[in-house]
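Before any comments, here is the structure.
What follows draws every value from the coordinates through simple rules; no lab data is involved. As the structure is a prediction and not an experimental result, all values here were calculated from the model. Virtual Cβ from ideal backbone geometry, glycine too; neighbours counted across all protein chains shown.
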Amino acid sequence: MNEPIYRTEKLTKAYDDGYRTVALADVDLEIPRGSLSCIMGPSGHGKSTLLHLLGGLDRPTSGKVYLDGLDLSAMNANILAEVRGRRIGFVFQFFNLLPVLSVQENVEVAMMLARVPTSEHPARARELLGLVGLEDKLYARPHQLSGGQRQRVAVARALANDPDILLMDEPSGNLDSNSERELLDHIRRINQQGKTVVIVTHSPNVAAIAGSILHLRDGRLVV
Amino acid sequence: MTRRKLVLRNLVRKKSRFLFTVLGIAVGVASLVTLLSLGSGLEAEVRKQADVLGAELVVTPKGWCAYEQISVLTGESLPEAIPNEDVEKVTAIPGLTAIPYLVQRTALRNQPVTVVGIPPDAMKKFKNWEMDRGEYLLDQQSAVVGFGVAKQFELNPDQILTIRGTEFRLRGVLKELGNRDDLAIYLDLSVAQKIYQVGDKVSFIAVKVHDLTQMDRYILEIPEQANVAVVSDKQLVKSVLAIVGAVRTTLLLIAAVAILAACFGIVNTMMTATYERKREVGILQALGARKSTIFSLFLWESAFYGFFGGVLGILAGSAFSYFAAPYLGHSEFSAFLGSEQSVRIFSLEIMGQCLVFSLLVASLAGVYPAWRAARLSPVEAISYE
């Protein structure tokens, strides 16, 4: 059994804006290195919150998140940004590409933030976009692409910093079935290269490629 | 990909908003450049005119205010107030050369022109004037004109000039001097006194001191000998510059208000950008951007507004100074400039200062929006719809 890359202890996230809402309650989990895991559950039951906590985008109300034994919840904002930039790649449901940049530049921007030398940006961006089959769309703007193409750009961008971990939030939520199939092929290939992939999804097709599935209900892990 | 490229792309994503924000800054900087250029031009001109006077001391009637002292340098008409009796007393003081001036106005083809009554021989020696054409002759029926007046009114020797109903034959045109001596008609002092009916009075007396070490003594002695006041050329320049400086400061304050208003335009533009790009800020944070990176991206954007606005403002201000100078030269206030070149000052120092000022002010205007963008939480930003 692989040692876990992620481990959480009593992970809890609550929002209190006059009315206390518990999004995640006492979650203990382990995600093995190099695995492809899915987090499933109904909408509003804490899946995205868990993903944000694993990615260091948010801080828990209580409990801990360990990434390779390092407590993310104890890190300051700059170190968390550093961890995100060097070790984690994100893919979101709504693609979230920067509209003022071309496809290639969207990938390069992640390299810039990960402090990859500028001279390496173009070649590496082209290589990554080639991997997701978009070598002929380098100079297109996001609005000129289909949903599936945009999501593949987002995958290429998530790989720009050569991360250990890929965190995906409903990556096929806005895709048709063909685009979803293509995306899943890419995800499988990325996982086979040794990267840990964690996907939040409602889709049974995505769940079908996962090695392990975690179910969340009312913010708690359901066994 | 570089930060600069990302900033520039964001800057021009809303082209009309970019244009109007830049124009706001440009208008402020243009007014600053124009006023600074004009101010420097005036200052340089005041110093030049003081040199043209060729005198270390100016004897004026008692009680003259600073504005009348300015007129000694500008060539505006002056009240006749020093009687011949006092002129003689000053002239009699050994160690001085004293030249009385009567400065009045006439009109040639409905344009105002300065008429200066002078003692012909003493003046020629005092100023070392040379002739461009014709001869230097001033008597009951003769006049001489400066180069600028001859050029403006296309005058040549032997033409007839009518001043206050009296006809004078134009005898000669002075060589071009590039100062206000070019802009006057010269008459014999006694003739000028007669046609302007001022009795034996003059406007002021220019005094050259033979031994400069004795200046202070003469400043005390002249008012003792005659019922007059004395001001040194340096004091004269100082008081004129004080007035020019006060006017300049007021105008600069107006320009500063224009720039301040433009800064609020930048703040508004950048605040709108932080709201519109909230989700993009979240994406950048997810990709590893630190708070300082987000802060610097927005701050640079703001600074670029200052840069582009500054460059455009400097070009517009310089163009305005250049093309508007001839028209400014026709106003009463600036007519004494004598030459348009004095307003057309293109100082790299002024341009550099204005650009730095524009950059600083725009950057300052960007601090609050940049801070707002940097303090967004990644999750809040990324979930923004």
ask   = So for the pair A:ARG20, B:LEU220, with labels modelled 7 Å out along Cα→Cβ, what separation do we get in nm?
value = 9.2 nm
message = Straight-line reach only, C-alpha to C-alpha below 18 angstrom: list the aspartates and glutamates that B:LYS194 could link to, leaving out same-chain residues fewer than 8 apart.
response = B:GLU80, B:GLU85, B:ASP139, B:GLU167
task = Give the percent of DSSP beta bridges with both residues in region B:63-226 that are antiparallel, rounded to the nearest 5.
result = 70 percent
query = Separation between the B:LEU364 and A:GLU9 pseudo-spin-labels, each 7 Å from Cα along Cα→Cβ, expressed in nm?
reply = 5.1 nm
key: Fewest-first ranking of A:HIS186, A:HIS202, using other Cβ atoms within 10 Å as the exposure measure   = A:HIS202, A:HIS186
query = For chain A, modelled as a GNM with alpha-carbon contacts under 10 angstrom, which of A:ASN96, A:ASN76, A:ASN161 fluctuates the most?
reply = A:ASN76
query = When chain B is treated as a GNM, springs tying every alpha-carbon pair under 10 Å, which of B:LEU138, B:LEU287, B:LEU236 comes out with the largest mean-square fluctuation?
reply = B:LEU287
note = FRET efficiency (A:ARG86, B:GLN353; Cβ distance; R0 35 Å; to 0.05) is 0.20
ask   = With a 10 Å Cβ neighbour count serving as the proxy for reagent exposure, in which order, fewest first, do B:ASP132, B:ASP182, A:ASP28 appear?
value = A:ASP28, B:ASP132, B:ASP182
query = What is the spin-label model distance, in nm, from A:ASP185 to B:ALA92 if the labels are put 7 Å beyond Cα along the C-beta direction?
reply = 11.8 nm
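Calculate, in nm to one decimal, what B:GLU135 and B:LYS62 gain on full extension: separation in residues at 0.36 nm each, minus their alpha carbon distance.
22.6 nm
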ask   = Assuming R0 = 35 Å, what is the FRET efficiency of B:LYS194 and B:ILE243, from their Cβ-Cβ distance, to the nearest 0.05?
value = 0.55
note = Filtering chain B for DSSP H helices with an axial alpha carbon extent of at least 24 Å and a Kyte-Doolittle mean of at least -1.0 returns B:15-53, B:233-276, B:291-328, B:348-374
query = If you build a Gaussian network model of chain B, linking Cα atoms that sit under 10 Å apart, which residue out of B:SER16, B:SER71, B:SER203 swings the most?
reply = B:SER16
query = What's the exposure ranking of B:GLU301, A:GLU3, A:GLU170, going from fewest to most Cβ atoms within 10 Å?
reply = A:GLU3, A:GLU170, B:GLU301
inquiry  = Please report the antiparallel percentage of the DSSP beta bridges confined to the protein assembly as shown, to the nearest 5.
reply    = 65 percent
key: Long-range amide H partners of A:LEU101 with built H, under 5 Å   = none
query = When the dipole is taken about the Cα centre of the protein assembly as shown, and only Lys, Arg (+1) and Asp, Glu (-1) are charged at their Cβ, what size is it in debye, to the nearest 20?
reply = 2220 debye
